[in-house]
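Data block below; observations after.
The values are calculated or read from the model by the stated rules, or taken from the named source; none is laboratory data. Predicted model, so just to flag it, every value in this text is computed and none were measured. Here Cβ is always computed from backbone atoms with ideal geometry, including for glycine, and neighbour counts include all displayed protein chains.
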Amino acid sequence: MYTFSEKSLSYQNQLKKFMDDYIYPNEEFYSQQLAKAQNRFSTLPLVDELKAKAQEQELWNLFVPPALSEFCNHDGLTNFEYAPLAEIMGRVLWSPEIFNCNAPDTGNMEVFMKYGSPEHQEKWLKPLLAGEIRSSYAMTEPQVASSDATNVELNIQRDGDSWLLNGRKWFITGAMYERTKIFIVMGKSDPENSNRHLQQSQILVPKETPGLQIIRPLTTLGYDDAPFGHAELRFDNVRVPVANILLGEGRGFEIAQGRLGPGRMHHCMRLIGATQRALEITCTRVSERRTFGRELSQHQSVREAIATSFAEIEMMRLLVLKSCHKMDEVGAQEARDMIAASKIRIPIMAQTILDRCMQMHGAGGLTSDYFMAEAFNYARWCRQADGPDEVHQMALGKQIILKFSE
């Protein structure tokens, strides 16, 4: 049986109270502000108000681990301690930003903490930690299968004291957001290198750099995910200083591997929160509606769906906690088997559970009157983001076979 630390339990209680006091009561107001906004990718006044309250209550940058606590105003939380906090935030899809714990910024902030120069940290990390700006991570490209990160084609060339970038990116989360000011861009700086994992570099590109064009916002299953959104970008002779490279030329793949492990788990944590909440409101729904002379809750098929969903959520939660415990014990690289197992199973299980809950809500489950349709969209695109199911299955299968065949 798992036991959370007093620190984690204290944060859980604080966070639950904050959600009860400020997040759930403002869900409809948030939607109204977004609907009335002249620019759907602008910052909503409500968000700034709630962020200020979260900072006052020190519910801020909770994702930062102990090893990087020098960058935040608390001692840091282990992956295991943070997991239930991310689950609580996941109950309302827009709430992680209120606590400065939203993707892709958490991963990008860790990149700056681990791999950024003091100058990078001063210029970009400090305002990110303060919640003053946002960031994007640009790796995926439309013209190649980016599930193999070594396929990326965006060209990075040295030109005197500058780097020149040319190419396309898409599905870049946060690119449309008006507060996004910096892009971490992965491309090929040494395409002829015999080691295909040393061909890539990661470069910092400020959003207003000439030649960086936001072509269009993209939708996923019809959702534009405003105000963050996902965008297609074009880099046309984008010039940035040589000092904007992260860690060094040819280290891009290494940075990507170091960045994506915790981020994958954060998505899984939040999805558990979304499915748990969906199950709770579905239990209320089936107790209030009647068909064929009795409550929905008395139908066997409904009880079976509720029971199965409950069991699957418990399985998801235990898998995440076991994965987080291993990450804390041996590091993300050595825990890649458990991270992959979580990434393979949890988004698709969440998708299935949310689908059941939508079904039990009847036609209303398909509408924006409930959060489940948008949460279903989130679960579905998580099966592509940070590596598709098939890549993780292939890597994990290979790892398991080698373990038991030697």
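Details
- The residues of segment 144-190 that are part of a loop (DSSP other than H, G, I, E, B), of a type in the set (A, V, I, L, M, F, W, C) and touching a helix residue (DSSP H, G or I) at 6+ places or on another chain (Cβ under 7 Å), listed by number, are Val144, Ala145.
- Any hit, segment 234-254, residues being under 21 Å from the mean Cα position of the chain (by Cα), surrounded by 24 or more Cβ atoms within 10 Å (Cβ to Cβ) and under 28 Å from Pro191 (Cα atoms): yes
- Scanning segment 50-105 for residues that are over 21 Å from Ala278 (Cα atoms) and touching a His at 6+ places or on another chain (Cβ under 6 Å) yields one hit, Phe80.
- Search result, residues across segment 129-166 that are within 15 Å of Leu204 (Cα to Cα), buried (at least 21 other Cβ atoms within 10 Å of the Cβ) and of a type in the set (S, T, N, Q): Ser135, Ser136
- The numbered conditions (1) of a type outside the set (Val, Ile, Thr); (2) surrounded by fewer than 16 Cβ atoms within 10 Å (Cβ to Cβ); (3) under 24 Å from Gln257 (Cβ atoms) are all true for Cys382 except (2).
- Of note, Thr284 satisfies the criterion of being modelled with pLDDT of 95 or more, over 28 Å from the mean Cα position of the chain (by Cα) and in a helix (DSSP H, G or I).
- The set of residues in segment 359-406 being in a helix (DSSP H, G or I), within 17 Å of Leu93 (Cβ to Cβ) and touching a residue at least 24 places away in the same chain (Cβ under 8 Å) consists of Met372, Glu374, Ala375, Phe376, Asn377, Tyr378, Ala379, Arg380, Trp381, Cys382.
- Residues of segment 257-284 that are more than 23 Å from Met315 (Cα to Cα) and surrounded by fewer than 20 Cβ atoms within 10 Å (Cβ to Cβ): Gln257, Gly258.
- Segment 214-267, subset of a type in the set (D, E, K, R) and in contact with a Lys or Arg (Cβ under 9 Å, 6 or more places away or on another chain), residue farthest from Glu329 (Cα to Cα): Arg234
- Cβ-Cβ under 8 Å pairs, at least 6 apart or on other chains, segment 158-175 side touching a residue at least 60 places away in the same chain (Cβ under 8 Å) and more than 16 Å from Ser147 (Cα to Cα), far side of a type in the set (Ser, Thr, Tyr) and part of a loop (DSSP other than H, G, I, E, B): Arg158/Ser189; Trp163/Ser189
- Residues that are assigned to a strand (DSSP E or B) and surrounded by 15 or more Cβ atoms within 10 Å (Cβ to Cβ) within segment 191-220 comprise Gln200, Ser201, Gln202, Ile203, Leu204, Val205, Leu212, Ile214, Pro217, Leu218, Thr220, listed in sequence order.
- Of all residues in segment 18-76, those that are under 21 Å from the mean Cα position of the chain (by Cα) and either not assigned by TED's automatic domain parsing to the domain that holds Ser95 or not in a helix (DSSP H, G or I) (or both) total 14.
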